[in-house]
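> Following this message is one structure expressed as structure tokens.
Computed from the coordinates by the stated procedures, all read-outs in this text should not be read as laboratory data. What you see is a predicted model; the values in this text were computed from it and never measured. Here the Cβ positions follow ideal geometry from the backbone for every residue, glycine too, while neighbour counts run over all protein chains shown.
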Amino acid sequence: MLAGLLLVIVLLVVGARLTWSWIDPLGDQTIDRSGPALLRSVQNLSRFEAATGEFQVIVDLEKDAKFLPDAIKGSRTLFVGAGSVDAYVEFSGLPKDALTVSPDRKAVTVRLPHAELEKPNLDNKRSYVFAQERGIFDRISDLLSSSPQNQQELYVLAERKIGDAAAASDLRSRADQNTKAMLEGMLKSLGFTTVTIKYTGEP
């Protein structure tokens, strides 16, 4: 009888836990009420995406109060920002004399502008807060705020630093080389034996 009573108690406990987990009155429910994406504009692309650079930067952002120690008021955040920058050559604004063909149609000269850089594209999945220190006032402010730990400033700084790194790299010259190789291959496949690529500023 004792074994049977224990078995009944175990079954009741297990059943109650299963029922509670199934009902879960305190559980969270996620409902997506977002509307459909709207197409705002369509633009025809007339550029050649010639190169892409992957970058990673660590943003060390510190905010201090003038007359209070960091333990009371202040914060320091280490943010890892990862993203990419595309380099492209714009074809839409080429002048009429950008393409010169010899009378025998064996040689062609193409004049192009140098490659430009797109705006940095930060990867949200690979960008994150690595470490954060906050004073007591900052912790209380985050608890009372409707949107604590706003990371917009960190993302803006990371994008700017990645953009500066891309501008200082050889990404644009690599894009120029890739564009030249692409046009040489395409024009030679059309029957031209001599292909000359010149960039803005070259004689």
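> Describe numerically, in nm with one decimal, the distance between label points set 7 Å from Cα along Cα→Cβ at residue 58 and at residue 133.
Going from the residue 58 label point to the residue 133 one covers 1.4 nm.
> Scan around residue 127 for amide H atoms under 5 Å from its own, H built in the peptide plane at 1.01 Å from N, and keep only partners 5 or more places away or cross-chain.
The answer is 82.
> Do any of 96/119; 125/180; 106/180; 63/119 go past 25 Å between their Cα atoms, and which?
Cα-Cα > 25 Å for 96/119; 125/180; 63/119; rest within.
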